[in-house]
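Single-structure report; data block below.
The values are calculated or read from the model by the stated rules, or taken from the named source; none is laboratory data. Note that the structure is predicted; figures quoted are calculated from it, not measured. Please note: Cβ atoms are built from the backbone with ideal geometry, for glycine as well, and neighbour counts cover all protein chains shown.
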């Protein structure tokens, strides 16, 4: 996982391996939430061509961690195949998605 911070937004560059290891990935995000006090996240899925069920579960876990800690997670660079999967299970309504990580990060500007 590659972690970058742009202004007050944490961009998580996730890989299929990160999403296949929910415990380790959620521990990193939990630390960013509880220790560092971060509240705005972008899950960049540029390196994730397709989402398997375990990987979807990890995204849901990260989303819930953010929600429970009064934070927001948005998605970026979701492949067409992954978008189809998210739409089929209704998560496209739950997780806001943007064409790029920079655009997703800028979308927080309206919400200080």
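When segment 5-20 is limited to residues that are more than 12 Å from the chain's Cα centre (by Cα) and at pLDDT 95 or above, the one that is nearest to residue 65 (Cα to Cα) turns out to be 20.
Counting only helices (runs of 4 or more DSSP H) wholly contained in segment 1-102, the ones carrying 3 or more residues that are free of Cβ contacts under 8 Å to residues at least 40 places away in the same chain occupy 22-34, 53-68, 80-88. The residues in segment 84-112 that are in contact with a strand residue (DSSP E or B) (Cβ under 8 Å, 6 or more places away or on another chain), surrounded by fewer than 16 Cβ atoms within 10 Å (Cβ to Cβ) and at pLDDT 90 or above can be counted, and the count is 5. The test for being touching a strand residue (DSSP E or B) at 6+ places or on another chain (Cβ under 8 Å), over 16 Å from residue 75 (Cα atoms) and surrounded by 13 or more Cβ atoms within 10 Å (Cβ to Cβ) does not hold for residue 9. Restricting 51, 45 to residues that are at pLDDT below 95 and surrounded by 16 or more Cβ atoms within 10 Å (Cβ to Cβ) narrows the list to 51. Within the set 57, 31, the sole residue that is touching a helix residue (DSSP H, G or I) at 6+ places or on another chain (Cβ under 9 Å) and surrounded by fewer than 22 Cβ atoms within 10 Å (Cβ to Cβ) turns out to be 57.
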